Amino acid sequence: MSVQILTFKGGVHPQYNKELTNRLPIEVMPVPKEVIIPLSQHAGAPCEPLVKVGDEVKLGQKIGEAKGFVSVPVHSSVSGKVKAIEPRLHPSGRFVNAVVIENDNLDTLDESIKPKGNLESLTSDDIKNIIKEAGIAGMGGAAFPTHVKLSPPPDKKVDTVIINGAECEPYLTCDHRLMVEHPEEIVFGLKAILKALNVKNGFIAIEVNKPDAIEAMEKATAGAEGVEVVRLATKYPQGGEKQLIKAVTGREVPSGGLPADVGVVVDNVGTAYSIARAIQQGMPLVERVVTITGQAVKNPKNLLVRIGTMLKDMIEYCGGFNGNPGKLITGGPMMGIAQFTLEIPAIKGTSGVLILPDDMTKPEKVRPCTKCAKCVDVCPMNLMPLFISMYSLNDDFDTAEKYHALDCIECGCCSYICPCKRPLVESIRQAKREILAKRRKQA
Amino acid sequence: MDNQFLVTSSPHFRSEFKIERIMLDVVIALIPALIAGTIFFGMRALLLTIISVAAAVLTEYVIEVLLHKEITIDDFSAVVTGMLVAFNVPPTVSWWIPAVGSFFAIAIVKMCFGGIGNNFVNPALAARAFLLASWPVQMTTWAVPGAVDGVSSATPLAILKGTEVAGAQLPNLWTMFVGNIGGTIGETSALALLIGAAYLLYRKVINLRIPLSFIITVGVMTWIFGPNGMFTGPFLYHILGGGLILGAFFMATDYPTSPVTPLGQVIMGIGCGLLTSVIRLWGGYPEGVSYSILLMNMVTPLIDRYTMPRVFGTREVKKVA
Amino acid sequence: MLTNLLLILVSSIFVNNFLLSRFLGECPFLGVSKQVETATGMSIAVIFVMTMTAAITYLINNYILVPFGLEYLQIIAFIVVIASLVQFVEMVIKKTSPTLYQALGIYLPLITTNCAVLGVALLNVQNPYNFIEAVVNGFGSSVGFAFALISYAGIRERLALAPIPKALEGFPSALIGAGLLSLAFLGFRGLV
Amino acid sequence: MGYLVDLTRGLWRENPTFRMVVGLCPTLAVTNAVANGIAMGLATTFVLIGSTVIISALRKITPEKIRMPIFVISIATFTTIIAMLMNAYFLSLYNVLKLYISLIVVNCIIMARAEGFASKNPVINTFFDSLGMGLGFTLALVIISTVREILGNGTFLGIQVMPDSFQPVLLMVLPPGAFLTLGLLIGFFNMMTALSAKRKGAQKRRAVNVDESAVNIG
């Protein structure tokens, strides 16, 4: 049987630069003296603090309670004393209420942390509850509460689960290393998700540029019924939810719809791993793997860090800067967010910290659009980015909407490929904001 | 650790593609044809090209200075326009013809509408149409390759059309492929043009959708509607004998004036092919490539409008069993 | 016969395009060419009215004006015919198809003073056409009008986004653009 | 004094061609030679004056409802008269301009002056207004046709004015030349207006870009 390599239409082939970290085993970073744990690390309502300044907290203790269904609690990632509860700068660029905890270096475990029993004895609702209480939110970046994904409305019949191991963002290797080093846990997480959804088919989708991850995952899935590893072509944005579903199942998530509309649930490998830890050890989501990388970092690493660790500490641990840093990005270079300071904590959705040297980040001269059509060729959503952008820049958001601005997934392929270096994604994002604002007004 | 980090919107990573590099690639791709033109028509061909390029660049520069606009001659697009204008005139014309053509191309066709990317017809071809309408005699006096200036010859297409004096012989196909025939400076050598086109394809500056559909359509049409009945046409002469190769690879693919959608590009090519064939077979001119491209330029916005690709996820949702 | 009609059709659409080589109907060409939708609405209305005008004015000219030696009343007669025809069409559409009326309603009154309509009537009189040829000429001319108008509207939608020099904004650039279209249409010369 | 204002209005300030951009069909069609431009301009002036004076004289007794038909009939009458006069006395010119002379009847300059001025003002004001507008139109046609004839044919009113070495730009007397010349001329006048406004230090008036909806008719 020849091995099929799956993919989607469009996309780009950026310089991956994964060799900076893809052979480096995950290193456990020493616990910092102080962690800053924002009470909002997920999509949805922020948490209410459960502790007061001066309280002693233990590792894994719940310190923020979820408000509402689309929300997850947060837990302390160290044991120690609450120093402050105040707004702190968050990777999203806003100030968000956060619990500052001084570490006592004892890592005293909270009493609640104990194994939850084996998978066979747990019901679907048990699993969802464990996942919710462990504070698990999607670890690929969007940080959508996982238990919500696992509770699709009854009219949406889910029949397939895909574990997203594409990791198509250049530079990032945290998922890659997780698959190489912890394949069993990931498979366990997938089985838990399958059971929670009462679904038989599970796929683990990996880009072919990670042969060691494919090998490890195939070994771990050998003999597991209904679970299959599929190979994806190496192309950005292969890991985009809609592109991934299209590649693996051939189904197209309808415009404005969700994966559940085509019977699919997608979870990141990091999420599957966290689910396994929550069930097997009872450990809530208090640490994650972050790739610290970029040509401007002295020793790039894959680090297992506690949630709330400051970027500054992580960079210091990696030997500081190499040359002149130009840009600091949380996430990958295509969709990550540029930060202006290192004084921000790593949160549940922080997959990478990327520091690019200043000679790679010089703003380039923007020239008028020549209608070269390269953006149309690469757009994975089949949009015409040049026209949406042009109308957006002319404040004609109604026409931008007619060109399907709202279907844009902001993957950045168009801006990446544009030979005139036009701010395509930026202006399309602006159009989306305006269109949604107008809709809210009308509603 | 108090570094200044640049904060911009994602993506933070840009490809190596640059418009000035793309335009430079086009210039590079046109050089084989320029060499061929110079070999067959003498130094005069090179001289006319230099005049044309100089006029194009100078016009763009002066207009941008006068309008207090950003100077954009460093993007090489004026150089490309200048070269293409020269490629579209016969090697026998007076020196000022390509200069006036380049001026028209840049000043009227390009700068009046806001400069690069905003012209809606191909500047070089509009200039050719302008020159042909204004000085028809100069623009249709062909030189015998390698001969002294002013000796008139005929293009293979004119011979096919029967507009030239009797007795003119069609050259053999190999001669036509190499380009040792009458024609404009840059259009005669299919060989040289194809080398350039291969380079552009390799550099991903153009794709094959427009050129291939254009050339195939002309081939099929001229084969079907032959002079001696259906399916007898000398289609290879039609493909090699005029400006088809130059037009299909270098001018119909011009970015601002051709459709951006994949289907639209194929429609553009077929449309150009049909119009070229109609003008060559039944129209008033032996050559129709430039007019056909100009006419398709006109409808390019409409083609884009009606060939919008199906947006991901907008087809009927497949019901899950 | 059929070839003859085809020649008239090709000639009226392309070779002697009303807008780009005969200069008839320039005002709507510049006024109603900012958006493809409105240009399309105007075009349908013009195709409708012009074809009917060609038929009716032909009949009036050949069966009323010429037999009674009243050719000198041509201009007055034609303009009255066109005005009433437009009124009539408006009424009929309003009664029979409200949706069509919605779409074309605003363009119909403009057509009365569109010189392309009167132009086709006068041209038909100048040429020795028979009835069918006159109607085909009217139809072809209006289709040529529509073709140029709609493609130009597509172009102008793009030009609306372009940084056109200040002094050329609006009419000047629109006219220069029309000049370039007209240049391209020279390619059809000699086709018929 | 008031009459002078009426007379000069059309010559420049509200020049029908360069400022209002109306009546484009004849402007584009007949300006390939200066002689045609003058003839067309004067013929239009004749119809304009004749019909607006009548309309003005009848303005008080014209019922509101049927004023349009009355305008049209009166314009059509004068158009017929000028067509017949030209047919009788200037046959060669008439043969060239025939179609466009007849089409004066739908020239929107005339309808615009009839509706906008003549139906509200006394006869003498109307006369001067129409004279000014007509001459302004004629002036515009002469300017355009001068440019086109000299560049496209090397002549002015048929007399060669360019040196023998000049090779005429044939395109200028072909249809594209009409569009290009008019477009560039309006652009040029816009630029001049903007420059002089700047020089006067006056409040920067926007270069004339008449609302195009005003020109939909005609």
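The values are calculated or read from the model by the stated rules, or taken from the named source; none is laboratory data. Everything quoted here is computed from the prediction, not taken from an experiment. Because the Cβ atoms are built from the backbone with ideal geometry, glycine has one as well, and the counts that use them run over all protein chains shown. Remember, those area values only see protein heavy atoms, side chains included, never the ligands or the DNA or RNA. Shrake-Rupley method; radii C 1.70, N 1.55, O 1.52, S 1.80 Å.
Quick rundown of the values:
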| quantity | calculated |
| --- | --- |
| Evaluation of residue A:215 against (1) within 19 Å of residue A:151 (Cα to Cα); (2) of a type in the set (Asp, Glu); (3) part of a helix (DSSP H, G or I) (one fails), failing number | (1) |
| Candidates C:96, C:112 - the one that is open to solvent by 70 Å² or more (accessible area, probe 1.4 Å), at pLDDT below 85 and polar (S, T, N, Q) | C:96 |
| All positions within segment A:170-213 that are within 23 Å of residue A:130 (Cα to Cα), in contact with a strand residue (DSSP E or B) (Cβ under 8 Å, 6 or more places away or on another chain), charged (D, E, K, R) and without any contact (Cβ under 8 Å) to a residue 60 or more places away in the chain | none |
| Filter result for the condition that a residue is more than 17 Å from the chain's Cα centre (by Cα), under 18 Å from residue C:181 (Cβ atoms) and of a type outside the set (D, E, K, R), over C:35, C:87 | C:35 |
| Total residues in segment C:11-29, condition among the aliphatic types (A, V, I, L, M), at the interface with chain D (Cβ under 7 Å from one of its Cβ atoms) and part of a helix (DSSP H, G or I) | 1 |
| Any chance residue D:20 is under 30 Å from residue C:182 (Cα atoms), assigned to a helix (DSSP H, G or I) and touching a helix residue (DSSP H, G or I) at 6+ places or on another chain (Cβ under 8 Å) | no |
| Sole residue being open to solvent by less than 20 Å² (accessible area, probe 1.4 Å) and either on the phi > 0 side of the Ramachandran plot or within 11 Å of another protein chain (Cβ to nearest Cβ) (or both), chosen from A:286, A:264 | A:264 |
| Whichever residue in segment C:140-156 is among the polar types (S, T, N, Q) and either open to solvent by 20 Å² or more (accessible area, probe 1.4 Å) or more than 8 Å from chain B (Cβ to nearest Cβ) (or both) and, among such residues, is nearest to residue B:306 (Cα to Cα) | C:142 |
| Odd one out for residue A:427 among (1) more than 22 Å from residue A:327 (Cβ to Cβ); (2) modelled with pLDDT of 95 or more | (1) |
| For residue C:131: the one exception among (1) surrounded by 15 or more Cβ atoms within 10 Å (Cβ to Cβ); (2) more than 16 Å from the chain's Cα centre (by Cα) | (1) |
| Neighbours by Cβ (under 6 Å, 6+ apart or cross-chain): first from segment B:50-64, in the same structural domain as residue B:23 (by TED's automatic domain parsing); second in a helix (DSSP H, G or I) and among the aromatic types (Phe, Trp, Tyr) | B:55/B:103; B:59/B:103 |
| All positions within segment B:244-260 that are under 8 Å from the mean Cα position of the chain (by Cα) and not in a helix (DSSP H, G or I) | B:252, B:253, B:254 |
| Any hit, segment C:25-44, residues being open to solvent by 40 Å² or more (accessible area, probe 1.4 Å), of a type in the set (Val, Ile, Thr) and at pLDDT 90 or above | no |
| Residue list for segment A:290-303, restricted to those being in contact with a Cys (Cβ under 9 Å, 6 or more places away or on another chain) and open to solvent by 10 Å² or more (accessible area, probe 1.4 Å) | A:298, A:299, A:300, A:301 |
| Which numbered condition residue A:18 fails, given (1) in contact (Cβ under 8 Å) with a residue 60 or more places away in the chain; (2) in the same structural domain as residue A:303 (by TED's automatic domain parsing); (3) open to solvent by less than 60 Å² (accessible area, probe 1.4 Å); (4) among the charged types (D, E, K, R) | (2) |
| Selection status of residue A:227, more than 18 Å from the chain's Cα centre (by Cα), away from chain B (no Cβ under 14 Å) and surrounded by fewer than 18 Cβ atoms within 10 Å (Cβ to Cβ) | no |
| Enumeration of residues in segment C:50-92 that are within 15 Å of residue C:25 (Cβ to Cβ), at pLDDT 90 or above and not polar (S, T, N, Q) | C:50, C:54 |
| Wholly within segment A:372-443, helices (runs of 4 or more DSSP H) carrying at least 2 residues that are away from chain B (no Cβ under 12 Å) | A:385-393, A:397-402, A:424-442 |
| Residue check for residue A:289: assigned to a strand (DSSP E or B) and not charged (D, E, K, R) | yes |
| Check on residue A:169, closer than 30 Å to residue A:401 by Cα and assigned to a loop (DSSP other than H, G, I, E, B) | yes |
| Count of segment A:304-345 residues which are closer than 29 Å to residue A:413 by Cα and in a loop (DSSP other than H, G, I, E, B) | 13 |
| Residue in segment A:316-323 that is of a type outside the set (Val, Ile, Thr), in contact (Cβ under 8 Å) with a residue 40 or more places away in the chain and over 22 Å from residue A:240 (Cα atoms) present | yes |
| The one condition in (1) open to solvent by less than 20 Å² (accessible area, probe 1.4 Å); (2) more than 10 Å from every other protein chain (Cβ to nearest Cβ); (3) at pLDDT below 95 that residue B:290 fails to fulfil | (2) |
| Residues of segment C:156-165 classified as of a type in the set (A, V, I, L, M, F, W, C) and either touching a Lys or Arg at 6+ places or on another chain (Cβ under 8 Å) or at pLDDT 95 or above (or both), total | 1 |
| Total residues in segment D:58-103, condition open to solvent by 50 Å² or more (accessible area, probe 1.4 Å) and more than 14 Å from chain C (Cβ to nearest Cβ) | 10 |
| Which listed residue, of A:240, A:250, is within 14 Å of another protein chain (Cβ to nearest Cβ), of a type outside the set (A, V, I, L, M) and on the phi > 0 side of the Ramachandran plot | A:250 |
| Selection count where residues are under 17 Å from residue C:30 (Cα atoms), more than 7 Å from chain B (Cβ to nearest Cβ) and either touching a His at 6+ places or on another chain (Cβ under 8 Å) or not hydrophobic (A, V, I, L, M, F, W, C) (or both), scope segment C:157-176 | 3 |
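To keep it simple, each residue is scored yes or no on (1) open to solvent by less than 40 Å² (accessible area, probe 1.4 Å); (2) touching a residue at least 12 places away in the same chain (Cβ under 8 Å); (3) not in a loop (DSSP other than H, G, I, E, B).
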residue	(1), (2), (3)
A:99	yes, yes, yes
A:135	yes, yes, no
A:141	no, yes, no
A:163	yes, yes, yes
